[in-house]
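As structure tokens, the structure follows; a few thoughts come after it.
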Amino acid sequence: MTLPADLATRIRAAVDHDGSPQAAMLEALRLIQHAEGWVSDERLAEAAEVLGVGVAELENLATFYSLIFRRPVGETVILLCDGAPCWLNGGDAVRDALFARLGIGFGQTTADGRYTVINMACVGGCDRAPAAVVGRDRRLVGPLSPDGLAALLEGGL
Amino acid sequence: MTGLTPPNGLAPPNGLAPLTGRARPDRVPHTLAEWQALGGYGAVARALRMTPREVVDMVAEAHLNGRGGAGFPAAHKWRFMPEPGTTPGDGPSYLIVNGDEMEPGAFKDRLLLEALPHQVIEGATIAAYGTHASEVIVLIRDAYRGGIAAMQRAIAEAEAAGLLGQNILGSGFSLRMRVHPSAGRYIVGEETALIEALEGKRAVPRKRPPFPAQVGLWGRPTTVNNVETISLVPHILEHGAQWFRALSRTEEGGTKLYGVSGRVNRPQLIEAPMGTTARELIDRCGGVSGNGVLRCFQPGGGASGFLEPGDLDVPLDFGHTARAGSMFGTGTLIVLDQTACPVGVTARHMRFYARESCGWCTPCRDGLPWAARILDALEEGTATRSDLDVLAMTAAEAGPRGRSFCDLMGGAMGPLASLLARFGDLVAAHLDGGCPIRRGML
């Protein structure tokens with residue numbers, strides 16, 4: 001088993017905190033993703049072993065929730081809102097400018113591994129539409145504009 | 001009408017914005033000491049001197065309707081919870097505070113979680129006491145990291161001060177509270193799907209009955225309340241049921257945290273009396289943006305049917321909005337001016353619902369993507385007249401309650417049905433080359 005010891009320890013702590021291995025499954029996936037950016041098959045199997053649950057049981061969960069990533073993602077994940085309030089305030093132009101600038105579409109990662117763009121609604125920032133949440137701390141940014149994007153990306157998300 | 005006002009010192013809430021009146025403009029959450037200096041936890045002390053039944057009676061008398069979307073009377077839901085010792089088997093009873101806010105147009109719970117976590121704890125403690133719950137789980141969507149951190153910090157502070165944990169304030173009442181981040185998908189916000197998610201399963205709704213109050217989380221009695229509902233509870237205990245009812249302009253008590261978005265000049269959250277009209281809320285937001293002429297609005301988030309300029313003076317609460325032919329839902333307005341297309345708005349809602357459905361039952365899994373594709377085709381000008389029949393059939397056959405396993409499908413059909421009913425000519429005009437508004441034809 002190659003699961004880092006501290007991760008295994010934290011997964012066991014999650015079992016105590018949440019009351020059962022089943023209840024802690026999502027937290028285990030979250031801990032792995034927080035440490036490594038995504039959840040690989042290998043890590044998923046290792047976590048299942050630590051939890052004492054079946055691999056398929058954990059996989060079943062991992063593939064349901066949209067914010068558990070089962071493929072590698074870039075250093076910064078941009079969750080760009082494609083909901084109606086953002087669209088009403090120019091969301092399509094922001095999306096197009098972002099795609100053009102990064103050379104990728106939804107669900108893709110830039111060649112240099114810096115950015116992944118995923119569409120999501122709603123990010124809870126309708127008063128700042130068009131909005132996105134960015135990075136591991138899921139920081140809300142908005143209102144976004146095609147011109148403002150460049151500065152935002154250069155400033156480091 | 002008062003919106004997000006600065007903290008008002010030691011005075012009790014000003015009466016118009018009890019829910020948000022103490023929030024800092026910068027949304028930085030209060031420390032426990034700061035919150036107590038503002039009168040915080042007084043309502044908890046008061047509640048714990050009453051019996052649980054008296055607490056529930058007071059909330060009933062206040063006419064507090066749940067703010068999560070369904071508008072079910074909070075006290076009525078609480079009364080489903082069994083008295084201690086009347087449930088077979090051992091184990092806790094649960095209160096789940098639902099902060100998995102994810103519907104397009106809704107952004108109110110974010111503020112309450114981020115800026116006013118001690119208010120949530122106070123409300124949850126009182127609700128737990130009234131429902132005989134011994135554990136509270138605050139479920140918060142993963143994207144609200146600020147809210148998760150604020151709640152975790154506030155819970156730790158409250159525990160350290162003896163406001164959570166064993167024998168709270170010497171009352172004999174004990175309560176454990178923890179935060180559980182959700183991992184995405186709108187369906188997690190559904191009451192029973194949420195319970196499945198907490199048990200480490202896919203968030204697929206459960207069949208009711210049995211209701212969660214009988215068989216909920218881990219088979220134990222469980223109440224699920226929205227963050228805003230819970231946040232209003234301390235104010236009822238602090239100032240009384242009559243005071244709370246008097247805040248409202250209608251029979252449904254209290255204030256409402258309205259979120260206004262879309263084509264308005266200053267989209268924002270506004271705490272205002274229940275029954276405030278869309279006209280007042282839009283005015284407060286600096287009026288309609290775009291070409292400045294209102295075409296329509298959704299009064300209650302993505303799942304609510306469209307209302308038109310003639311409905312601007314409808315008092316926005318659950319009852320009045322339903323009678324006007326829409327749904328109050330989360331009380332979050334989405335505004336469209338004459339240069340915004342309701343077909344485009346509905347198309348985006350439909351894609352959202354299709355993507356966020358659990359996919360367990362057929363009308364939702366197959367029907368929503370189908371409707372979404374047709375709406376996209378309408379926008380692009382590739383739809384046919386028979387597609388309109390399919391849309392009408394979908395709304396009529398799959399929309400009514402009971403045709404699908406949970407209410408997600410019915411909710412998704414709300415805007416579609418009203419789009420077809422109110423804007424049939426505009427929809428049909430899309431058959432001739434796509435969106436006429438985008439092409440400057442209208």
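The values are calculated or read from the model by the stated rules, or taken from the named source; none is laboratory data. Worth saying up front: this structure is predicted, and the values here are computed from it rather than measured. Here the Cβ is made from the backbone with ideal geometry for all residues, glycine too, and neighbour counts use every protein chain on show. Ligands, DNA and RNA are stripped out before the accessible areas are found, and what is left, the full protein with its side chains, is counted by its heavy atoms. Shrake-Rupley method; radii C 1.70, N 1.55, O 1.52, S 1.80 Å.
Which residues, counting only those in segment B:149-162, are buried (at least 23 other Cβ atoms within 10 Å of the Cβ) and out of contact with any Lys or Arg (no Cβ under 8 Å at 6 or more places or on another chain)?
Of segment B:149-162, the ones buried (at least 23 other Cβ atoms within 10 Å of the Cβ) are B:150-151, B:154-155, B:158.
Residues satisfying the conditions are B:Ala150, B:Met151, B:Ala154, B:Ala158.
Condition first: in a loop (DSSP other than H, G, I, E, B) and farther than 29 Å from B:Met350 by Cβ. Now tell me which residues in segment A:40-82 satisfy that. Write out each step before concluding.
Within segment A:40-82, the first condition is being in a loop (DSSP other than H, G, I, E, B), and the residues that meet it are A:40, A:52-54, A:63-75, A:82.
Within segment A:40-82, A:Ser40, A:Gly52, A:Val53, A:Gly54, A:Pro72, A:Gly74, A:Glu75 meet the criteria.
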Criterion: open to solvent by less than 30 Å² (accessible area, probe 1.4 Å) and either closer than 19 Å to B:His349 by Cα or at pLDDT 95 or above (or both) - qualifying residue of A:Leu153, A:Leu144: A:Leu144
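Among the residues of segment B:163-196, count how many are assigned to a helix (DSSP H, G or I), open to solvent by 10 Å² or more (accessible area, probe 1.4 Å) and within 12 Å of chain A (Cβ to nearest Cβ).
First, pick out the residues of segment B:163-196 that are assigned to a helix (DSSP H, G or I): B:168-170, B:186-189, B:191-196.
Right, trim to open to solvent by 10 Å² or more (accessible area, probe 1.4 Å) and you get B:169-170, B:186, B:189, B:191, B:196.
Narrowing the set further to residues that are within 12 Å of chain A (Cβ to nearest Cβ) leaves B:186, B:189, B:196.
The total comes to 3.
Given the options A:Arg138, A:Arg70, A:Arg95, name the one that is charged (D, E, K, R), within 13 Å of chain B (Cβ to nearest Cβ) and buried (at least 23 other Cβ atoms within 10 Å of the Cβ).
Values: A:Arg138 fails: buried (at least 23 other Cβ atoms within 10 Å of the Cβ); A:Arg70 fails: buried (at least 23 other Cβ atoms within 10 Å of the Cβ).
None of the others qualify; the one that does is A:Arg95.
For residues that are touching a Pro at 6+ places or on another chain (Cβ under 7 Å) and modelled with pLDDT of 95 or more, scanning just segment A:110-130, find the one that is farthest from the other protein chains (Cβ to nearest Cβ). Explain how you work it out, then say what you get.
At the first step, the residues of segment A:110-130 found to be touching a Pro at 6+ places or on another chain (Cβ under 7 Å) are A:121-122, A:126-130.
Among the residues that remain, those that are also modelled with pLDDT of 95 or more are: A:126-130.
Values: A:Cys126: 4, A:Asp127: 4, A:Arg128: 8, A:Ala129: 6, A:Pro130: 11 Å.
Checked segment A:110-130; the qualifying residue farthest from the other protein chains (Cβ to nearest Cβ) is A:Pro130.
Return the only residue of B:Gly329, B:Gly301, B:Gly259 being assigned to a loop (DSSP other than H, G, I, E, B), within 10 Å of chain A (Cβ to nearest Cβ), touching a residue at least 24 places away in the same chain (Cβ under 8 Å) and not hydroxyl-bearing (Ser, Thr, Tyr).
On the way: B:Gly329 fails: within 10 Å of chain A (Cβ to nearest Cβ); B:Gly259 fails: assigned to a loop (DSSP other than H, G, I, E, B).
Selected residue: B:Gly301, the only one of B:Gly329, B:Gly301, B:Gly259 that is assigned to a loop (DSSP other than H, G, I, E, B), within 10 Å of chain A (Cβ to nearest Cβ), touching a residue at least 24 places away in the same chain (Cβ under 8 Å) and not hydroxyl-bearing (Ser, Thr, Tyr).
Checking the conditions here, which among B:Ala133, B:Ala154, B:Ala128, B:Ala149 is of a type in the set (A, V, I, L, M) and without any contact (Cβ under 8 Å) to a residue 24 or more places away in the chain?
B:Ala149
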Per-region count, segment A:21-66, residues open to solvent by 20 Å² or more (accessible area, probe 1.4 Å), within 8 Å of chain B (Cβ to nearest Cβ) and without any contact (Cβ under 8 Å) to a residue 12 or more places away in the chain: 1
So B:Ala70, is it among the small types (Gly, Ala, Ser) and closer than 30 Å to A:Pro130 by Cα: yes
Residue satisfying condition, being of a type in the set (Lys, Arg), in a helix (DSSP H, G or I), touching a Pro at 6+ places or on another chain (Cβ under 9 Å) and farther than 30 Å from B:Ser248 by Cβ, within set B:Arg365, B:Arg351: B:Arg351
Test for B:Asp283: is it surrounded by fewer than 20 Cβ atoms within 10 Å (Cβ to Cβ), assigned to a loop (DSSP other than H, G, I, E, B) and among the acidic types (Asp, Glu): no
